[in-house]
Each structure stands twice: as C-alpha cells, then as structure tokens.
1. Go through (1) in a helix (DSSP H, G or I); (2) touching a helix residue (DSSP H, G or I) at 6+ places or on another chain (Cβ under 8 Å) and name the single condition Val40 misses.
2. Can you name every residue in region 55-72 that is outside any helix (DSSP H, G or I) and crowded, with 19+ Cβ neighbours inside 10 Å?
3. Filter region 227-260 down to the residues that are polar (S, T, N, Q) and in a strand (DSSP E or B), then identify the one that is farthest from Ala91 (Cα to Cα).
4. With the condition kept exactly as written, say whether any residue in region 213-226 is surrounded by fewer than 23 Cβ atoms within 10 Å (Cβ to Cβ) and part of a loop (DSSP other than H, G, I, E, B).
5. Could you identify the single residue in Val167, Val159 that is touching a helix residue (DSSP H, G or I) at 6+ places or on another chain (Cβ under 6 Å), closer than 18 Å to Gly333 by Cα and of a type in the set (Val, Ile, Thr)?
6. Are there any pairs with C-beta distances below 6 angstrom linking a residue in region 185-201 that is under 17 Å from Pro288 (Cβ atoms) and touching a residue at least 12 places away in the same chain (Cβ under 8 Å) to a residue that is surrounded by 16 or more Cβ atoms within 10 Å (Cβ to Cβ) and charged (D, E, K, R), with the two at least 6 apart or on different chains, and if so which?
7. Return yes or no: is Asp295 outside any helix (DSSP H, G or I) and of a type in the set (Asp, Glu)?
8. If you go through region 32-54, how many residues are surrounded by fewer than 17 Cβ atoms within 10 Å (Cβ to Cβ) and touching a residue at least 24 places away in the same chain (Cβ under 8 Å)?
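The values are calculated or read from the model by the stated rules, or taken from the named source; none is laboratory data. No experiment lies behind these values; they were computed from the predicted model shown. Reconstructed Cβ throughout: ideal geometry from the backbone, glycine too, with neighbour counts over all protein chains shown.
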Amino acid sequence: MTGIRMKDRVAIAGAATTGFVARNSGRSQTSLAAEAAIAVIKQCGLTRDDIDGLCGSWPSAPVLQSALGIPEVTWFGNPVIPMVDHIATAAAAVHAGLCEVVLVYHAAYRAPWNSVGALKDPFRRIGVGPTLQQSGPETMAGPIGYTGWASRYMHEYGVTREDFGLVAVNARSNAQRNPAAAMREPLTMDDYLNAPMVREPLCLYDMDPAVDGADAFIVTSAERARDMALPPVLINAAVLGMVAHNEEDQTESLRRHGQQVVVETLKAKGDFWIDDIDVYFPYDGFTPITLNWIDNAGWCKPGEAGAFLRQHWDADGRRVLINGRIPVNPHGGSLGEGATQASGHIREAVHQLQGLAGDRQVPDARRALITAGGFFFNAQGLLLHRP
C-alpha cells in the first residue's frame, strides 16, 4: 500500500469553534471563519505571522488571508467538503514542504437552497448561481438520493425507521452536553417517529440542520507541534475513497461504494482500528449514512447497525456507548451540533485527544476514528491519535 510515508509526521496542533446556531446569525461567513481562526491561532501560542498556508472551503483563501492580515503564504487551497479532504490536503502540503503551518478553516452557513429563512434574506441570495440550487423532485441528485438509498437499506436488510431513529436520538442526547451545538432540546423515539416526513422514509430529524458557525485548525509537522501550547494530535492515516459508479443513481450496491474503499484503505495504512479506539465519529448528515458506516467499519454485519446500537444503548443517557465506554459522536454530530460537513467531528476528536472536551471528555482518550461523508463521491476517513 502506497502513501504511508506521511504517517505520524504531521499533526493537528489545535482546534477552535465559534459554536453553531440553526438560524441566520446576522454575520458573514468571513467573520465567522475569522473568529474561529483567531481563536485557534491564539490557542496554539502563534501569531498570524506564523501562518504560511491556508486551506478551507468558505470563504476563499485570499479573502480570509486579507481579513486576518496574514502577511504572506507559500501555499493555499480550497478543497471540496467534507472536511477530511482539507485536513488531508493541508497535511500533504506540510509533508511536501510547501508550507510549515497551515490554518485550516470551515464556515458553515445557512444558504438560500437549504433554508427558508436564508432564502428570505436578501443578503444571502446575492451571488447564488445554478450550482447552489436545490435539485427538483424528479431527480436522484443531492439529498434526494439518500431517501432512495434509505428505502433500499430498509428493504434489503428488513429494518424499520426506528433504526434511523436511534442515530437521531443519540445525536441529540450527546448535543445536550455540547454548548457549541445548535440543537440541544431533548429528543425521544416518539418525537422522532411523529416528526414531519420530508421525503419517505426520512423525516425532519433524519437530516442535519443548516447552521451558521465556523471551525478552525492548525496543521503542522509533528516536530513543530510538540513545541506549541497544546498536546499534538498525530495524523496516522487519511483516505478519500470513491468507486467508478459514484453518482447517487448509478451506485450499484450498499455493499460496494466509497465507504468500503475508505475502510479497506484505512485498515491497510493505519496502525489501529475499531478494537483500539476510544471514540468514534461516523458521519450523520443523514441517518442511513451512519448505519452504513457502522456496518462497513466492521462493528457488525451488513444491515445489523440498528441491532448493534440497541445492544450498546445506554438507557439512562439515551445514547450509544460501545462496550460501555466508546461514545458515538459525543459532540452531537451533524444532527445535533449542526451541518458542519465534518469539521465538528474532527474538532471534537482533536479536543477529546487533547483532554479539552469538558463534560463530554472520554477518560484517557488516545485514539479516534472519523468516517466522514456519504456513499457516493465523498466518502472519507481519518485516524488520529496522541503520542
């Protein structure tokens, strides 16, 4: 297996957030990204003069550099979401010597195509082109594709909507411990089953809420990170996985898509897997994605993720604790914290491994697995650990 030379040589030195709200915040994406960026730079004991690389989604790198007054950079990039792509790209740039200290950032933002409130905001409608428009009901593109594959999952494995509901309830229960989360009201299975149906079989609570907020990270060499203010979190392996038939309507099977590529490659490249981790972060932009990640990661056989969650359900906390100790998305995931496109998953993993997760802290957490993205063109994986 190629690509192992970067293993443990690049680290995430820090992570910071603005927190998230499921409403129009009255702020711009640039101001949110800048707030998170300033926080993580200070947290790591750096100044803007130390930053020589920028990697983010929105706003563009030139815009954020100007906003922060960073004197000069030797490399920048604006990869596509989810955010494992950004961490992997920044790590590769550091390892290649293109730069030394990368500010990685992501500003989640309620857009006109994913929120009625945002659609009514004239400032948020400015510059919206056809690539940001929602697909019509006759297509399988975008979010609609997951409703079809959710039905397929139910049909193929003989499961019910309650399996999806376990993911939603777990997320909301964990979000209650996270002051940065947008959705902290309690959610029961009855609430889930009685929620408005958006598109059969997925309801309101099967889909992550659009939010305003931002996360930021510092990525640098492991050697330099050791001299910074916080314990370094080493990048053991990172993968972006995809198969040839990667469109929503062309994917051939639940048993062969990008997730399987990620799992196979991470297991081959990394030094640890699910038997050795302390906290797990499966993507939950849609609840069936989470069940499929749990199946494919090897926690259980295909189609048994719901039964697995029930087996490891903490009734008192209304959440999952694998083997009584491993939480699943302890920050609330995308369903509870908000649609951060996995920046929240990565940030929480970093904080858990640095011992900074507050009331959510897993005792002596040393290893984390993040399986981000969905079935089609954006499955991603990340293994993180502390030295």
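1. The one condition Val40 does not meet is (2).
2. Cys55, Gly56, Ser57, Trp58, Pro59, Ile70, listed by residue number.
3. Ser253
4. Yes: one or more hits.
5. One residue alone meets the criteria, Val167.
6. Matching pairs, first to second residue: Pro201/Arg161.
7. In short, no.
8. 2
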